[in-house]
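Enquirer: Have a look at the structure that comes next, please.
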Amino acid sequence: MRNALLIVADLGMIKAYRVENHRQDNPRLVPVHEEFFSQAHKKMSEKISDSSGRHKSPAANSSAPMADKHNLELEVHKRQTKRIAEEITSLLSRDSVEICYFAAAKTVNKQILDQLPNNLQDKIFRNVPLDLTKTERAKLWNFFKVQ
């Protein structure tokens, strides 16, 4: 029997399950890891602020924002995908995992996989570009079946 993991992730959480009897139609998924990233669920105003709590423009009478909120959001997104990739690297490196079933939202799937080392990318047996983090464990395997 090959050691297999099923990993589902989004920017706010990662869940990993050990796949027992993965050659059967309906294997047993045993939870082995679950982590929530609270930073992903916070509003930008909760993450940073200037001394008055708002970003103001240099013009005294104008209320247009001066900060590069967009660049900050991209940076937070980049850091979260890196953190998830590091967590997946840790999971795939231990317990002699041979194959991995992976699912992440289409918006972050490729970014996460690109940050994994090549030898671990080769362990990804099936990649599903869907956010399955809130899917019931009993229904998860249906997304990885060969049609």
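Enquirer: Under 5 Å between amide hydrogens, which residues at least 5 positions from VAL32 or on another chain qualify, with H placed 1.01 Å from N in the peptide plane?
Expert: Amide H to amide H, under 5 Å and 5 or more residues apart or across chains, VAL32 pairs with ALA16, TYR17, ARG18.
Enquirer: Then there's this: Could you give the nm distance between label points at LYS82 and HIS33, where each point is 7 Å from its Cα heading toward the beta carbon?
Expert: Rounded to a tenth, the inter-label distance reads 1.9 nm.
Enquirer: Let me ask another. Would you list ILE88, ILE124 from fewest to most Cβ contacts within 10 Å? Don't skip to the answer; put the middle values down first.
Expert: Details: ILE88 26, ILE124 16.
Result, fewest neighbours first: ILE124, ILE88.
Enquirer: List the residues, sorted by chain then number, that are 5 or more residues from MET13 or on another chain and whose placed amide H is less than 5 Å from its amide H.
Expert: PHE37
Enquirer: In addition: On full extension of the chain, what length is gained from LEU72 through ASN26, given 0.36 nm per residue of separation minus the C-alpha to C-alpha distance?
Expert: Working: separation 46, 0.36 × 46 = 16.56 nm, distance 4.29 nm.
My answer for the length gained is 12.3 nm.
A short reminder: the numbers here are calculations on the coordinates, not readings from a lab. Here the structure is a predicted model, which is why all the values come from computation and not from measurement. Positions of Cβ are backbone-derived with ideal geometry, glycine not excepted, and every protein chain shown enters the neighbour counts.
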